[in-house]
Amino acid sequence: MSSFQMITTLFLLAMMVGASNAQLSATYYAKTCPNVSSIVRSVLQQAEQNDIWIFPKLVRLHFHDCFVHGCDASLLLNGTDSEKTATPNLSTDGYAVIDDIKTALEKACPRVVSCADILALAAQISVSLVCFLLLMLLIFCIDPISSRTMLFKECVWFAGWRSNMEVPLGRRDSRTAHREGTGTIPTGHESLANIATLFKSMALDSTDLVALSGVHTFGRARCAAFVDRLYNFNNVSGKIDPNLNGTYAKTLRQLCPKGGDVTSLIDLDEQTSLTFDNKYFLNLQNRRGLLQTDQELFSTKGAETVAIVNRFASSQSQFFNSFAKAMIKMGNINPLTGTNGEIRLDCRKIN
């Protein structure tokens, strides 16, 4: 079995967690669209050539969809009541690639694969492809064989041990958007207590919270998501968030000057923003978490999340394992199955 095949089977070990929803199955399309994963992967590999940030964008779409009434692709719908145009989603992107995946799947398997499953698959495969690209970078750019071997083992371990097990599928698409529910999407400004309560309401525990927050190991955020930490923390003019590393705060002030363009994009991980690794947790230990909600995972005294951050910072394998399990759990939030919902022909509109 090639390393690529193993890496693209991202969530094998998390299947035990996903089994709680019996109507979702990793083999759901085995007969009706057996090449669904390879088709999605092919489109994503092409998309990455045009946009190096596409993988974190697609993972974010899956998050934002699942956190509003469940994983039902309601985020993708256009219209006056669209979730896309609600404030928490104004910075989301990657919709055109979802359209490309849908077009490719409709050619191969007409009226079979839901847009909700496309979001789940796109997120899973995006993470596995980033891990694969990191491995290739090490092979060609780093000399010590030990470094390559360690990352290869971690990527393979993260991926699972067999190539025929993937993310549970079988979701159907919502016929309505849920704009009124977009307030449940974390903005980056919440206290740890509030965001933990939100996750708990979705059957996600503290380990899930920290693991899923680790997706911020790659991608970017707008200045608007954290500029208050630099100039107006807790609504005190001129105050900098005391949990923010002073040197890092100075750098961020240069990148996001007061009164500047709040739509400017800043790397969530200043060192490895294009790779999926555990550097995010090292950043939190050094008070270099970009978003307030991220840094509070480590800086909130007495919080159980502190020990989890430390564990993931010291073990990338433990992070990978917990992230895979948490993604499966999140993907099981209120899916439409059976005769509920529909299989959209166009992800942007109902049939």
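Longer than 19 Å from Cα to Cα, which of LYS250/LYS279; LYS31/LYS57; LYS279/LYS301; LYS102/LYS349 are they? Say none if no pair is. Cα-Cα > 19 Å for LYS250/LYS279; LYS31/LYS57; LYS279/LYS301; rest within. 3J(HN,Hα) along region 84-94, derived from phi through the Karplus expression 6.51 cos²θ - 1.76 cosθ + 1.60 where θ = phi - 60°, amounts to 4, 8, 6, 3, x, 10, 5, 9, 6, 7, x Hz, with x in place of Gly and Pro. The distance linking region 50-107 with region 194-241 is 21 Å (Cα centroid to Cα centroid, whole angstrom). Which aspartates and glutamates does LYS84 reach when only Cα atoms under 17 Å apart count, and residues fewer than 8 places away in its own chain are ignored? LYS84 reaches ASP65, ASP72, ASP93, ASP99, ASP173, GLU180, ASP346.
Tell me, what % of the accessible area of region 192-310 is carbon and sulfur with a 1.4 angstrom probe? Carbon with sulfur: 50 percent of the solvent-accessible area. Applied to region 208-219, the Karplus parametrisation 6.51 cos²θ - 1.76 cosθ + 1.60 on θ = phi - 60° returns per-residue 3J(HN,Hα) values of 4, 4, 5, 5, 5, 4, x, 4, 6, 6, 9, x Hz, with x for Gly and Pro. Average accessible surface for region 159-277: 46 Å² per residue, computed with a 1.4 Å probe over protein heavy atoms with every protein chain in place.
Distances between placed amide hydrogens fall under 5 Å for LEU336 paired with ARG172, all partners being 5 or more residues away or on another chain. 3J(HN,Hα) along region 252-259: 5, 5, 6, 6, 10, x, 4, x Hz, from the Karplus curve 6.51 cos²θ - 1.76 cosθ + 1.60 with θ = phi - 60°, whole Hz, x for Gly and Pro.
Can you list the equivalent-ellipsoid semi-axes of region 159-273, largest first and in whole Å, using the square root of 5 times each Cα gyration tensor eigenvalue? Taking √(5λ) for each eigenvalue gives 32, 19, 16 Å, largest first.
Taking a point 7 Å out from the Cα of THR184 in the direction of its Cβ, the residues of region 73-97 whose backbone N falls within less than 14 Å of it are 73-75.
As a calculated quantity, the FRET efficiency between TRP53 and ASP100 at R0 = 25 Å, using C-beta atoms, amounts to about 0.95. Extension gain for LYS301 to LYS107 (0.36 nm times residue separation, less C-alpha to C-alpha distance): 64.5 nm.
The values are calculated or read from the model by the stated rules, or taken from the named source; none is laboratory data. Since the structure is predicted, the reported quantities are computational estimates derived from the model, not experimental observations. Cβ sites come from the backbone with ideal geometry, for glycine too, and all protein chains shown count toward neighbours. Calculation scope for accessible area: heavy atoms of the full protein, side chains included, ligands and nucleic acids excluded. Shrake-Rupley method; radii C 1.70, N 1.55, O 1.52, S 1.80 Å.
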